[in-house]
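Data first, discussion second: the structure below is written as structure tokens.
The values are calculated or read from the model by the stated rules, or taken from the named source; none is laboratory data. Worth saying up front: this structure is predicted, and the values here are computed from it rather than measured. Cβ: placed from backbone, ideal geometry, glycine included. Neighbour counts: every protein chain shown. Surface areas here come from the heavy atoms of the whole protein model, side chains and all, with no ligands, DNA or RNA. Shrake-Rupley method; radii C 1.70, N 1.55, O 1.52, S 1.80 Å.
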Amino acid sequence: LVAMRDLEQVLQGIVARARQLVGAQLAFLASYDPDRSRFHMRATDGAVSVRLPQLTLERGYGMISLIADSGVPRQSSRYAQDDRFVHNPEVDAIFREEGIDSLLGVPLPFGTEVVGILYVGDRYSRTYLGWEISMLSTLAAHAAVAMHNARAFEDARDALRQAGEANARLAKQAA
């Protein structure tokens, strides 16, 4: 993951590895936009619904906010009946389309911030084991660094391109 430079490739690699690590039926990753106080779905693996990859959720709803607020992993063996968080009707509808029953989410920590949430899910009732939570948490920590590195690489590439364009304009003006 750390060697990947394209952010979308990094995100797809993260969800594919997450799903594989715990033998889950699907995995997805949402990044957090602090300016808009929203989570945006960035990558999915194993999803059947066309709406899940396009999901955007305001902070304050769902298990995603519990994880972001606490900074610790959370799981639900019966998501639809779980009353530990405020359900969002759109998310619940998408999860019904997807058939999601069990869900494990872990934060993507970067410094003191939670920059996203990594999930694995199954279409049956399941309790995720401690080692699965630990493995997914370790992957999420590495994923946050890989995402930061990929963004930094993209920023550096953009800055280099802009500098090249500015240099070309200056050379043209000098000529």
Per-region count, region 17-46, residues open to solvent by 60 Å² or more (accessible area, probe 1.4 Å) and assigned to a loop (DSSP other than H, G, I, E, B): 4
In region 1-46, the residues that are within 19 Å of residue 148 (Cβ to Cβ), of a type in the set (Lys, Arg) and at pLDDT 90 or above: 17, 42
Condition check for residue 14: out of contact with any Gly (no Cβ under 6 Å at 6 or more places or on another chain) and either surrounded by 14 or more Cβ atoms within 10 Å (Cβ to Cβ) or under 18 Å from residue 133 (Cα atoms) (or both): yes
Selection from region 83-95 of residues that are open to solvent by less than 50 Å² (accessible area, probe 1.4 Å) and closer than 22 Å to residue 108 by Cβ: 85, 88, 91, 94, 95
Scan of region 127-168 for residues that are modelled with pLDDT under 85 and either among the charged types (D, E, K, R) or not in a helix (DSSP H, G or I) (or both), ordered by number: 151, 154, 155, 157, 158, 161, 165
Given (1) over 16 Å from residue 42 (Cα atoms); (2) surrounded by 18 or more Cβ atoms within 10 Å (Cβ to Cβ), index of the condition residue 119 fails: (1)
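Could you tell me whether residue 142 is open to solvent by 40 Å² or more (accessible area, probe 1.4 Å), within 13 Å of the chain's Cα centre (by Cα) and within 15 Å of residue 18 (Cβ to Cβ)?
Working: open to solvent by 40 Å² or more (accessible area, probe 1.4 Å): yes; within 13 Å of the chain's Cα centre (by Cα): yes; within 15 Å of residue 18 (Cβ to Cβ): yes.
In short, yes.
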Count of region 55-73 residues which are of a type outside the set (Gly, Ala, Ser) and open to solvent by less than 70 Å² (accessible area, probe 1.4 Å): 9
Where a residue in region 99-113 is free of Cβ contacts under 8 Å to residues at least 12 places away in the same chain and its partner, wherever it lies, is open to solvent by 60 Å² or more (accessible area, probe 1.4 Å) and of a type in the set (A, V, I, L, M), with Cβ under 7 Å and at least six apart: none
